[in-house]
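The values are calculated or read from the model by the stated rules, or taken from the named source; none is laboratory data. Keep in mind that what you see is a predicted model, and the values were worked out from it rather than measured. Don't worry about glycine lacking a Cβ; one is built from the backbone with ideal geometry, like all the others, and counts go over all protein chains shown. The accessibility values were calculated without ligands, DNA or RNA, using every heavy atom of the protein model including side chains. Shrake-Rupley method; radii C 1.70, N 1.55, O 1.52, S 1.80 Å.
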Amino acid sequence: MRTCASLFAVSHAAVAQRNPVSKVVDLLRDMQAKIEADGKAETKVYDKYACWCATTTQRKTEQITEHKASIASLSNEILELKAVIATRENDIAKLDADIADNDESMKQATTLRENENKAFMAETAEMQSAIGSLEKAIKVLSGAGTGGAALVEVAAVVERVAPKTKSSGALLQQVAKLRYSPQSASVQGILKDMYDTFVVNLETMNAEEAASQHQYEDLMATKTAQNKDWMVSRGRKEEEKAAAEDSLGMDTENREGELEELEAAQRFFADTAAACKASWR
């Protein structure tokens, strides 16, 4: 028993003597383990940060590419819309000029037709009066017992209507014979020819007037229909121009938004890249 007790005492004393060293060793071992754990933790954090840097910069690079593509597409659309608007403005201006020219043409045609009709009315009135006078003169010359007053009236009629005929010179020469031979066949024949000619001329004038009026009405109908078609076309051009202007406004606004987002993305990318680079030093 003594031997065991002695051995125990000696062993306890030896352990007591080794405790400080053991503690240091254990402390060093703990420190090493902690350092290794901290290193692993730092490595893990670093790896996460490096992954975030790579992912974020990649995502921003893609966003920047998308913004640039969108801006380029919108810029092309804006140019196309401006071209459409300019073309429609030219189309509308040309249609306005065509309509104005057509209106002026119709105005001139109307003025001409009115003047022609006015001249026609005056000439036909005079022609009808001459025909009536010739008819009366022929009756006077063909009647029995023609008096001097009647002959004077016939002579006045002949002198008034003679300038309207090709045979005015011959007819006026016959006027002097009326007082000597009131029922002269030559005078009566000339008057009858004049009467027939005037009647035919009046009919011709009426036909020509009707034809002129018909041509005028056809012209006005054609130009009115043309103006109507041009106005319809002008309305379509106005609608297309308005639609293009609306689209231009939206595309311009969208491009401004894309430019702002691109600037923000580029700024964020630059700041992130700089921060990540600094952390790797």
Exercise. Report the full-extension gain for the segment THR56 to THR124: residue separation times 0.36 nm, less the Cα-Cα distance, to one decimal in nm.
Key: 14.6 nm
Quiz item: With a sphere of radius 13 Å drawn around the Cβ of GLU104, what net charge do the other residues whose Cβ falls strictly inside it have (Lys, Arg +1; Asp, Glu -1)?
Solution: -2
Quiz item: Across region 71-80, in residue order, what do the Karplus-derived ³J(HN,Hα) couplings come to in whole Hz, using 6.51 cos²θ - 1.76 cosθ + 1.60 with θ = phi - 60° and x for Gly and Pro?
Solution: 5, 5, 5, 5, 5, 5, 4, 5, 4, 5
Exercise. Mind ranking TRP52, TRP230 by accessible surface for me, highest first, 1.4 Å probe?
Key: TRP52, TRP230
